[in-house]
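Enquirer: Following this message is one structure expressed as structure tokens.
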Amino acid sequence: MRIVVMKFGGSSVADAPAIERVVAIVARERQQGAAPVVVVSALGGVTDRLLALAAGGAPERETALDALARRHVEVVTGLDANHDGEVARFIDDRFDELRSAFRELSGAEPDPRTLDIIAAAGELLSSRIVAAAMTARGLPATWVDARDAIVTDAQHTAALPLAAETEDAARRVAGHHVTAGRIPILGGFVGRTLEGETTTLGRGGSDYSASLIGAAIDASEIQIWTDVDGMLTADPRIVANAEVVPHLSFAEAAELAYFGAKVLHPSTIFPAVSRNIPVRILNSRRPDAQGTLITSTPVPDERPFASLACKRGITVIDITSSRMLMAHGFLSRVFEVFEKFSTAVDVVTTSEVSVSVTVDDRRRVPEIVAALTEVADVTVEDDLAILSVVGDRLRTHSALAARIVGAMTDFPLRMVSQAASRRNLTMVLPETHLAAAMTHLHREFFSMAGSSR
């Protein structure tokens, strides 16, 4: 049996016409002999709105919740999918739960457990609506509460799946329906602890859910349906002539996702890699487009590297100590500070007397600086960006990294680092120069590659 896990993002289920396209795509996959498992995000913008309401004041919440409820009902009405009023009742029940959760919010720091209940609502609602739409069009779809399939720890708002428990649960609730010839429809992003509490996997976690389920039920392929034609050679908002990358390796895709490519969530790739399951990125508005296929051993082509990725809003922290830097345990002590304040580091460079790191989460920077100042001089620079060049060819073509850096002589590079895997070359520069630098690199390398093909 060829099982295909099909994940549709928020833009792909934004309204009734978008969901109609999803139904047609799933029906076509089934007609071609596949057994689909469907994972959907919340209707476009819903989770953002719910979390904004949780962070904002109470007076507007009731009006905003009423508007969100109407939006969901209007989608169901537009799909003619409210069989015997069942879906409308489901929507009413979920919004009653939301109102109760919002009433529990108090103080400056909302309870993470309550935030998870609020954030999970969008996926539960959208998946129920999509299941009803498919059933109304004659497909053997069945709604599955995603919390029954994904088992996590209790780290609310950023829960980690429990591997063995999730595999057992996903096989039991999703695999069972596939074996019976049905199409299970689940929301992404949400899970449940062993004690039964609702959790979420962090923003972008719907991709992760699809990959976890695909790995658990031995899927033949995992499809990520979005609103672009695949992974591109650069951010199309910056580089107008960015091209689709037809093939990527798992390692390249993971690097691109980590360094800012928005099409794929960074965690998505790992469950797929563990089972060597191909991942395909496709456009729900152009389902016949080729997309990007991600495999362990992609077809080689003539591109100098796979793609450019970027992150804005980067802060560089310089830690300088001529007395301590080379002392035993100094670097360990430095990174223990970042660990203590739960702040991830992206790029690291060192010299004889200093170590420089980048972070994209500034919330704990003042505390980090205060702690580091006890052992070194510390300076902070904001408003920077990371520009990362990613490709397997960087490992085998030793001169390529030098050519890339050489092409950047007109830009004020703050840091340059090549990962141990030599699969990415990362440069840090002022954010004001990012667009010009990415456009320049793309023109220098991909125009050249294009002319040679």
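The values are calculated or read from the model by the stated rules, or taken from the named source; none is laboratory data. Values in this document were obtained by computation on a predicted structure and should not be read as measured data. All Cβ positions, even for glycine, are placed from backbone atoms using ideal geometry, and neighbour counts span all protein chains on display. Note: accessible area is taken over every heavy atom of the protein model, side chains too, but ligands, DNA and RNA are not part of it. Shrake-Rupley method; radii C 1.70, N 1.55, O 1.52, S 1.80 Å.
Enquirer: Percent of accessible area on the chain owned by carbon and sulfur, 1.4 Å probe?
Expert: C and S fraction of accessible area: 51 percent.
Enquirer: Show me, for segment 256-273, the HN-Hα J-couplings you get by feeding each phi into the Karplus relation (A = 6.51, B = -1.76, C = 1.60, θ = phi - 60°), rounded to Hz, glycine and proline as x.
Expert: Using θ = phi - 60°, the values come out as 5, 5, 5, 8, x, 5, 7, 5, 10, 6, x, 7, 4, 6, 5, x, 5, 4 Hz.
Enquirer: Quick one: check the C-alpha center-to-center distance for segment 392-408 versus segment 187-213, whole angstrom.
Expert: Centre-to-centre distance over Cα atoms comes out at 39 Å.
Enquirer: Taking the Cα centroid of segment 409-423 and of segment 262-314, what is the distance between the two, rounded to the nearest whole Å?
Expert: Computed from Cα coordinates, the inter-centre distance equals 22 Å.
Enquirer: With r defined as the distance between the Cβ atoms of ARG203 and THR63 and R0 fixed at 22 Å, what FRET efficiency is calculated, to the nearest 0.05?
Expert: So the FRET efficiency works out to roughly 0.30.
Enquirer: Taking the Cα centre of the chain as origin, sum charge times position over the Cβ atoms of Lys and Arg (+1) and Asp and Glu (-1), and report the length of that vector in debye to the nearest 20.
Expert: Computed about the Cα centre, the dipole is about 1140 debye.
Enquirer: Evaluate the Debye formula for segment 374-453 with equal point scatterers sitting on the alpha carbons, no solvent, and hand back log10 of I(q)/I(0) at q = 0.19 Å⁻¹, in q order, two decimals.
Expert: -0.87
Enquirer: Another one. Tell me the relative contact order for the chain as a rounded percent, counting alpha carbon contacts under 8 Å between residues six or more apart.
Expert: Once normalised by length, the contact order is 13 percent.
Enquirer: Could you state the accessible area per residue of the chain in Å², with a 1.4 Å probe and every protein chain left in place?
Expert: About 43 Å² of surface per residue is accessible.
Enquirer: Okay, next question. State the dimensionless ratio Rg/Rh of segment 106-178 (Rg: radius of gyration of Cα atoms; Rh: Kirkwood radius).
Expert: 1.07
Enquirer: Using a Förster distance of 45 Å, how high is the FRET efficiency between THR396 and ARG89, based on the Cβ-Cβ distance and rounded to 0.05?
Expert: 0.15
Enquirer: If you line up the long axis of helix 86-104 against the longest principal axis of the chain, both from Cα atoms, how many degrees apart are they, to the nearest 10?
Expert: Rounded to the nearest ten degrees, it is 50.
Enquirer: Just to confirm a number: summing +1 for Lys and Arg and -1 for Asp and Glu over residues other than GLU431 whose beta-carbon lies under 13 angstrom from that of GLU431, what do you get?
Expert: For residues surrounding GLU431, the net value is -1.
Enquirer: Report the charge-dipole magnitude of segment 390-446 in Debye, nearest 20, computed about the Cα centre from +1 at each Lys and Arg Cβ and -1 at each Asp and Glu Cβ.
Expert: So the magnitude is around 260 debye.
Enquirer: Rounded, prolate or oblate, given the Cα gyration tensor of segment 41-195, with a/c below 1.5 counting as rounded?
Expert: Oblate is the answer for segment 41-195, as a/c is 1.5 or above yet b/c matches or exceeds a/b.
Enquirer: Continuing with this model, one more query. Taking amide hydrogens as modeled 1.01 Å from N in the peptide plane, which residues meet the under 5 Å criterion relative to ASP153, leaving out close sequence neighbours?
Expert: The list, which skips near neighbours in sequence, is LEU160, LEU162.
Enquirer: Using only alpha carbon positions, build the gyration tensor of segment 1-106, then give the equivalent ellipsoid semi-axes as the square roots of 5 times its eigenvalues, largest first, whole angstrom.
Expert: Over the Cα atoms of segment 1-106, the semi-axes work out to 31, 15, 12 Å.
Enquirer: List every residue whose amide H lies under 5 Å from the amide H of ARG423, counting only residues 5 or more places away in sequence or on a different chain, with H placed 1.01 Å from N in the peptide plane.
Expert: none
Enquirer: Using θ = phi - 60° and the Karplus form 6.51 cos²θ - 1.76 cosθ + 1.60, what ³J(HN,Hα) does each residue of segment 27-41 get, whole Hz, x for Gly and Pro?
Expert: Here the 3J(HN,Hα) series is 4, 5, 4, 5, 5, 8, x, 8, 10, x, 10, 10, 10, 10, 7 Hz.
Enquirer: Another question about this same structure. Would you please give the FRET efficiency between HIS440 and SER342, computed as 1/(1 + (r/R0)^6) with r the Cβ-Cβ distance and R0 = 35 Å, to the nearest 0.05?
Expert: That pair, HIS440 with SER342, gives E of 0.45.
Enquirer: Further question: What does a probe at LEU105 reach in segment 175-196, counting residues whose amide N is under 20 Å from the point 7 Å along Cα→Cβ?
Expert: Answer for this model: 190-191.
Enquirer: Of the listed peptides 247-260, 119-132, 281-294, 400-413, what is their order by residue-averaged count of other C-beta atoms within 10 Å, with the highest listed first?
Expert: 119-132, 247-260, 281-294, 400-413
Enquirer: What is the angle, in °, between the Cα long axis of helix 46-55 and the longest principal axis of the Cα atoms in the chain? Nearest 10 is fine, range 0 to 90.
Expert: Result, in degrees: 70.
Enquirer: Now a separate question. Through the Karplus equation 6.51 cos²θ - 1.76 cosθ + 1.60, θ set to phi - 60°, convert the phi angles of segment 72-82 into ³J(HN,Hα) values in whole Hz; use x for Gly and Pro.
Expert: Rounded to whole hertz, the list is 5, 5, 5, 5, 4, 4, x, 8, 6, 10, 9.
Enquirer: Hey, what's the Cα Rg ratio for the chain versus the globular rule of thumb, 2.2 N^0.38 Å?
Expert: 1.04
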